[in-house]
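Here the structure is laid out as structure tokens; the discussion comes afterwards.
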Amino acid sequence: MRLTDLDRVAAVEAGAYLFPWTRKIFNDCLRMGYECWVELAEDEIVGHFVLSMGPGEAHVLNLAVHPDWQNNGLGRSLLRRAVERADRLGAESVYLEVRPSNFPAVHLYRTEGFRKVGRRPDYYPCDDGREDALLMRYDVRETAPMGRR
């Protein structure tokens with residue numbers, strides 16, 4: 001992801017989520033040195049992920065696929081790339097949060113080896129207040145490599 005990608009990244013984000021990240025948030029992530037990647041299809045940005053690194057662990061802060069490109073494996077591809085990148089950078093665990101109501105995402109993360117390890121109360125905004133987040137973890141060294149299950 002580059003600064004010149006941010007308008008399209010923000011558009012993908014706005015199409016994928018009711019409460020999307022802003023262009024400024026993505027700009028801040030780039031400025032902070034987070035791992036920010038895009039997925040291309042037909043020479044267009046159709047998805048992205050943002051990964052932060054800490055000692056021995058990584059955190060998938062954001063992962064989105066434009067609605068027109070969902071349900072064809074791009075989300076799985078992005079998730080696998082994020083975990084692979086975290087592994088290469090020395091992470092032993094990869095964390096992420098997900099809305100319990102986002103059934104497709106929860107299913108994807110579980111089938112790729114992420115396990116629920118906690119809950120974050122009132123984490124996400126929603127139309128009628130707040131929604132908890134499921135905290136999930138993938139153990140890089142203990143879980144079979146993604147795509148080989």
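Which of HIS66, HIS48, HIS107 has the fewest other C-beta atoms within 10 Å, and how do the rest follow up to the most?
So the residues, fewest neighbours to most, are HIS107, HIS66, HIS48.
What nm distance separates the two modelled labels at ASP132 and LEU3, each placed 7 Å from Cα along Cα→Cβ?
Each label point lies 7 Å from its Cα, and together they span 4.3 nm.
Below 8 Å, C-alpha to C-alpha, sequence gap of six or more: please give me the relative contact order for the chain in percent.
17 percent.
Write down the percent of antiparallel bridges among all DSSP beta bridges whose residues are both part of the chain, to the nearest 5.
Of those bridges, close to 90 percent are antiparallel.
Going by average Cβ neighbours within 10 Å, how do the peptides 50-59, 77-86 rank, with the highest at the top?
Descending packing order for the listed peptides: 77-86, 50-59.
Which is farthest toward the positive dipole end of the chain among ALA105, LEU18, VAL65, measuring Cα position about the Cα centre, with Cβ charges +1 (Lys, Arg) and -1 (Asp, Glu)?
With unit charges placed on the Cβ atoms, the residue in question is ALA105.
Which order results if GLU13, GLU42, GLU92 are arranged by neighbouring Cβ count within 10 Å, fewest first?
GLU42, GLU92, GLU13
Within a 10 angstrom radius of the beta carbon, how do LYS24, LYS116 rank from fewest other beta carbons to most?
LYS24, LYS116
Values quoted throughout were computed directly from the atomic coordinates according to the rules given, and no laboratory measurement underlies them. Note that this is a predicted model, so its numbers are computed, not measured. We place every Cβ from the backbone using ideal geometry, glycine too, and count neighbours over all the protein chains shown.
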